[in-house]
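What follows is one structure encoded as structure tokens, with my remarks underneath.
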Ligand code: FAD
Ligand code: 2HG
Ligand code: ZN
């Protein structure tokens, strides 16, 4: 693909031969060794259709011991691999760059146990997030994370990207909610770190290395995760604000006045909402069309229906009177609630339908965040549509630049400007999507040289031949291959 052309295939990696295929068939069975063109084409292409590899082999192990055998063999043969879950990643991390063997975790999709007393779920890495959510719903619990890709993304992929999502503001990071993991190293060693304890200070907590390492240190095969009880009262408001400062002030007020029940605080500029209205079927703006420049979605989750509703209503009333909100509507039923969420969760999909997209996922100080969107808009003028939205409650901006097709001149207007701007404001060039292929060489905008050097040493220790997800996460100059 066009993005990969700047990367060189590393000469230390072998190419697949007939003996390799026979070996994989022996350990996995014929039907889990996939060479079918169509299925390979899907697995070689990322969700945005921006990154395309040319792998000739897709493996579907059913258990950790099969993953172990695959990796041990690939390591001994110097065959590069790419771990793949639901393939919804947005930084080109989940697809091969060249001919890496794709190891898809989708067949490892069993729930192993659920401890109702402590809310601890143990499952295999290939469980789809939405399936876990439905399972838990029946038990009176919820997943501590939720995101637009829930119907396809897998818990192993979520853990490997340290996915944030729509509930982060309330339940926090997977570094806090994941209690344990099982992961397989490049040499086939199965690391059992599958604890189910809240507290365990016995030595280095190695599971954290795998959370957010994007398949570069091992393949996650099982996950143990803390799940919160499902609370009975959920309320959602879709609000309009006249300017960005009002969104920011509304956030400050919401944290203060709704604190314990605030479960989501998302913002969208007018351009993001227009993107959804123009490209997705059956979506409409719940607020009468007018001059609103910004929208905010607030969700509260609590245990007392009348108290929670009163609290939110009083907050909204005060915010209206104070001019922070210019219009708003409270969902009256579950259908309306999901219609509000559809607008917010639909932005990524709408952008994809609109054409080519340059996607930036940034952590920035909330006060400065929207200045970047405006500066980019000015830089690009008529040549692109610039949309800004995201998890305002977490200081996470999703800056997206939509153009009819990919164009190096436009890219040169955006990069390195966006990265330099982010670095200057001490932000992060990846708040939640990871570095993948897209930003492997950009890590220094957010991390010091010494820190990156230690990361490279850890990579070298756990994956000395560099077979796991090569060209991703760390700068190419630091990746060593034997
Ligand atoms: P994949 O895309 O298959 O893989 C992602 C990375 O993890 C790759 O580097 C891959 O090699 C590695 N990997 C996957 N499984 C394993 C494993 N078992 N062991 C080791 N490595 C593995 N992200 C957010 O953080 N917040 C959001 O709100 C959010 N919303 C999204 C909405 C949409 C519509 C889409 C398309 C994506 C969104 N994402 C979001 C991005 C994406 O990171 C998440 O969807 C998800 O965490 C990826 O899971 P996956 O199973 O699809 O992983
Ligand atoms: C979201 O929050 C996802 O909707 C996707 O993280 C963000 O499209 C994006 O930039
Ligand atoms: Zn997001």
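What follows draws every value from the coordinates through simple rules; no lab data is involved. These numbers come from a predicted model, not from an experiment. Neighbour counts are summed over all protein chains in view; Cβ atoms, including those assigned to glycine, are modelled from backbone coordinates with ideal geometry.
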Using the 10 angstrom Cβ neighbour count as an exposure proxy, how do 445, 307 rank, fewest first? 307, 445
Alpha carbon centroid spacing (whole Å) that separates the stretch 356-375 from the stretch 66-92: 33 Å
Normalised contact order of the chain, rounded percent, pairs of Cα under 8 Å and 6 or more residues apart: 15 percent
Compute the angle between helix 129-139 and the longest alpha-carbon principal axis of the chain, please, reported from 0 to 90 degrees and rounded to the nearest 10. 70 degrees
Calculated from DSSP H runs of 4 or more alone, at -39500 (n - 2.57) each and per residue, what is the 222 nm mean residue ellipticity of the chain, nearest 500? -10000 deg cm²/dmol
Could you give the spread of the C-alpha atoms of the stretch 321-420 along their three principal axes, from largest to smallest, in whole angstroms? 47, 31, 23
Counting only DSSP beta bridges with both residues in the chain, tell me the antiparallel percent, nearest 5. 90 percent
The computed P(r) of the stretch 337-482 puts the percent of Cα pairs beyond 18 Å at 62 percent
Residue 249-residue 451 FRET efficiency (beta carbon distance; Förster radius 41 Å; 0.05 resolution): 0.70
Antiparallel DSSP beta bridges within the stretch 356-461, as percent of all bridges there, nearest 5: 95 percent
Could you grab the relative contact order for the stretch 130-264? Cα pairs under 8 Å, six or more apart, rounded to a whole percent. 28 percent
Relative contact order computed over the stretch 319-407 (Cα-Cα under 8 Å; 6+ residues apart), in percent: 30 percent
Between the helical axis of 18-28 and the dominant principal axis of the chain, each derived from Cα atoms, what acute angle in degrees is found, rounded to the nearest 10? 60 degrees
Tensor-based shape of the stretch 212-281 (alpha-carbon gyration tensor, a/c under 1.5 rounded, otherwise prolate or oblate): oblate
Rounded to two decimals, what is Rg over Rh for the stretch 43-163 when you use alpha-carbon atoms and the Kirkwood radius? 1.01
Taking 2.2 N^0.38 Å as the expected size of a compact globular protein, what ratio does the Cα radius of gyration of the stretch 235-344 give against it, to two decimals? 1.01
Based on the alpha-carbon gyration tensor of the stretch 101-216 and its eigenvalue square roots a ≥ b ≥ c, which shape applies: rounded if a/c is under 1.5, prolate if not and a/b is larger than b/c, or oblate? rounded
Residues 342, 63 arranged by fewest to most Cβ contacts within 10 Å: 63, 342
On each of the three principal axes the extent of the alpha-carbon atoms of the chain, given in whole Å and largest first, is 72, 57, 44
Please list 171-184, 287-300 highest first by mean number of surrounding beta-carbon atoms within 10 Å per residue. 171-184, 287-300
Work out, in µm²/s and without decimals, the Stokes-Einstein translational diffusion coefficient of the stretch 1-103 at 25 °C, 0.890 mPa s, Rh from Kirkwood over C-alpha pairs. 176 µm²/s
Angle in degrees between helix 449-462 and the longest Cα principal axis of the chain, rounded to the nearest 10: 50 degrees
